[in-house]
Amino acid sequence: MFKYAVSLVADNSKEKVAAKLEFFKRTLGCSESELSIAISKMPRILGISDENLTCKIEFLVNEVGMEPQYILERPVLLGYSLEKTYFTLANMVDAFILKFIDCHQDSVPGLAAYYAKACAGDVPPEVQLLS
């Protein structure tokens, strides 16, 4: 990792690296120390274009509902491909909902609401797992 970070910094001007750091501070609302930790975990994020990062951050925040701090603590999320990873996962979730939630709405009233709550981490006490 360190070798990769050194290579990225060496191949770019100080101005370009400073601009990238400012980009992260502005888009994720983070401090320099938080950003340093994120870069130490995933130095490759310095080499990703601003446009690509903007798309990923907007998707993760607006569509997935992640907080910028969560992304900052897990910078590997910015290394994944939107098309190959995130959109594929979104399609899988949609397929799951169609196959297992939507088609059972009549026989299990409130199933979609329970599923949404469970996805948010709030499992109602009246929902019991069958064993």
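FYI, it's all coordinate maths here, none of it is from the lab. A quick note: this is a predicted structure, and the numbers were derived from the prediction, not measured.
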Exercise. List the aspartates and glutamates whose Cα lies under 20 Å from the Cα of LYS117, skipping any in the same chain that are fewer than 8 positions away.
Key: GLU63, GLU67, ASP94, ASP102, ASP106, GLU126
Exercise. Starting from the Cα of LYS20, draw a straight line to each of the lysines and keep only those under 28 Å, dropping any in the same chain fewer than 8 residues away.
Key: LYS3, LYS41, LYS56, LYS84
Quiz prompt | Phi to ³J(HN,Hα) by Karplus 6.51 cos²θ - 1.76 cosθ + 1.60 over segment 107-115, Hz, x for Gly, Pro | solution = 7, 10, x, x, 4, 4, 5, 5, 4
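Pull out the extension gain between MET92 and GLN105, defined as 0.36 nm times the separation in residues minus the alpha carbon to alpha carbon distance; nm, one decimal. Show your work: numbers first, answer last.
On the way: separation 13, 0.36 × 13 = 4.68 nm, distance 1.92 nm.
Using 0.36 nm per residue and subtracting the Cα-Cα distance, I get 2.8 nm.
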